[in-house]
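Derivation of every value follows stated rules applied to the coordinates shown; laboratory data play no part. In this text the structure is predicted, and so the values were computed from the model without any measurement. Ideal geometry is used to build each Cβ from the backbone, glycine not excepted, and the neighbour counts take in all protein chains shown.
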Amino acid sequence: MKLFFKITLTLLILIVFGAAVALAEHEGLAKYKYFGCASCHSVKSAGIEITDPSAKNDSLDLSTVGKDHNKEWLSNYLKKKEEVNGKTHPKVFMGTKEEREVISDWLSTLK
């Protein structure tokens with residue numbers, strides 16, 4: 001009976017943790033879309049294409065951005081405190097710190 005209880009508890013914890021991760025990913029994706037990040041950046045791995053037809057051709061696909069950058073770096077880049085090829089992000093992020101962190105968390109999972 002103890003073994004059954006331990007297995008059931010372990011499975012329950014894994015399910016709850018998995019649901020929390022899925023919710024965080026969904027929230028990050030929703031904020032990414034809400035703030036118009038897809039105007040210039042695709043995430044082809046998530047089925048997101050650039051929505052602004054006038055966007056430059058050199059705009060990045062962020063499908064693997066989490067391989068090279070962690071959530072802190074991504075958050076700082078959105079605050080214009082980090083650079084890529086000597087340049088800061090071209091737009092000012094207009095959301096709150098919490099919204100920026102939700103997006104950065106989600107982007108950091110893209111590997």
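Residue by residue through the range 82-93, what is 3J(HN,Hα) from phi via Karplus (6.51 cos²θ - 1.76 cosθ + 1.60, θ = phi - 60°)? Round to whole Hz and write x for glycine and proline.
These are the phi-based 3J(HN,Hα) values: 10, 10, 10, 6, x, 10, 7, 4, x, 10, 7, 6 Hz.
Among the lysines, which fall within straight-line cross-link reach of residue 71, defined as a Cα-Cα distance under 20 Å, with same-chain neighbours fewer than 8 residues apart omitted?
31, 33, 44, 79, 80, 81, 87, 91, 97, 111
Suppose R0 equals 22 Å. What FRET efficiency, 1/(1 + (r/R0)^6) with r the Cβ-Cβ distance, do residue 44 and residue 88 give to the nearest 0.05?
On the way: r = 24 Å, r/R0 = 1.11.
Efficiency at R0 = 22 Å is approximately 0.35.
What is the distance, in nm, between label points placed 7 Å from the Cα along the Cα-to-Cβ direction at residue 96 and at residue 64?
Inter-label distance under the simple model: 3.6 nm.
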